[in-house]
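The block underneath contains the structure these notes are about, expressed in structure tokens.
The values are calculated or read from the model by the stated rules, or taken from the named source; none is laboratory data. Every value quoted in this text rests on a predicted model; they were computed, and no experiment measured them. Cβ atoms come from the backbone with ideal geometry, glycine included; neighbour counts cover every protein chain shown. Protein only, heavy atoms only, side chains kept; ligands, DNA and RNA dropped before computing areas. Shrake-Rupley method; radii C 1.70, N 1.55, O 1.52, S 1.80 Å.
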Amino acid sequence: SCSSMSDDVAARRAAHFEALYRANPDPWRYRTSSYEQRKYQATIDALPGRRFRAALEVGCSIGVLTGMIAERAEEVTGIDLSAEAIRLARAHLRNISHVKLLHGTVPRDWPPGPFDLMILSEVVYYLTAAEIGELSREIARTARPGAHCVLVNWTGPTGSPWRGPQAAQALIAALSSARTVTSQDRTDQGEYVMDHLIL
């Protein structure tokens, strides 16, 4: 069946990330890489100055960006498919009481919401076309009116069928058919592309 096939893909993906984090607690150098620091700062800078009520970070990894989002939101939910990454994030963010961290995979384990900020950084290109379609419906279903949705995607090779910006375009197209996108802005920084949507 289609759903067992996508579960199988999701299980393989989870096992891959689990192995990465076990081998190296910071496999992408989130804490030290100047690329990651620039990208995180740009992600935060893209947001309006106001505080958000409820933010969701998909693919929160070890919680570096999550901590920055927590300075701008009343509550933050982070989700990641690696149990090891979530364990490391919990240690990193243990003093921040308004952050909730979940071990799960999207779109299947999408949290209930509603959210007025959703950040998906380096996530969408790992998903299949069917999962991207389902993801768009979950975003549409749980976005408060006027919610900000920020997609950040590396432009280089991803080791998956999608290039990052192409996966983002597929998600935006699917999202546009599920919900009115009132504002859409794409910033190409060369190394990565940021799509900033207001729903």
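Tabulated data for the structure shown
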{"item": "Any hit, region 137-144, residues being within 13 Å of A168 (Cβ to Cβ), modelled with pLDDT of 95 or more and open to solvent by less than 50 Å² (accessible area, probe 1.4 Å)", "result": "yes"}
{"item": "Boolean, V152 is in contact with a Ser or Thr (Cβ under 7 Å, 6 or more places away or on another chain) and of a type in the set (A, V, I, L, M)", "result": "yes"}
{"item": "Residue list for region 44-88, restricted to those being among the aliphatic types (A, V, I, L, M), open to solvent by less than 20 Å² (accessible area, probe 1.4 Å), in contact with a helix residue (DSSP H, G or I) (Cβ under 8 Å, 6 or more places away or on another chain) and part of a helix (DSSP H, G or I)", "result": "I44, L65, I69, A85"}
{"item": "Residue in region 116-132 that is aromatic (F, W, Y) and under 24 Å from T155 (Cβ atoms) present", "result": "yes"}
{"item": "Given (1) in contact (Cβ under 8 Å) with a residue 12 or more places away in the chain; (2) open to solvent by 10 Å² or more (accessible area, probe 1.4 Å); (3) small (G, A, S), index of the condition A167 fails", "result": "(2)"}
{"item": "Residues of region 89-106 that turn out to be open to solvent by less than 60 Å² (accessible area, probe 1.4 Å) and either assigned to a strand (DSSP E or B) or touching a residue at least 60 places away in the same chain (Cβ under 8 Å) (or both), as a count", "result": "4"}
{"item": "Odd one out for E131 among (1) within 17 Å of I172 (Cα to Cα); (2) part of a loop (DSSP other than H, G, I, E, B)", "result": "(2)"}
{"item": "For T180: the one exception among (1) within 29 Å of E74 (Cβ to Cβ); (2) touching a residue at least 40 places away in the same chain (Cβ under 8 Å)", "result": "(2)"}
{"item": "Condition met for L120 (over 13 Å from the mean Cα position of the chain (by Cα) and either open to solvent by 70 Å² or more (accessible area, probe 1.4 Å) or in contact (Cβ under 8 Å) with a residue 40 or more places away in the chain (or both))", "result": "no"}
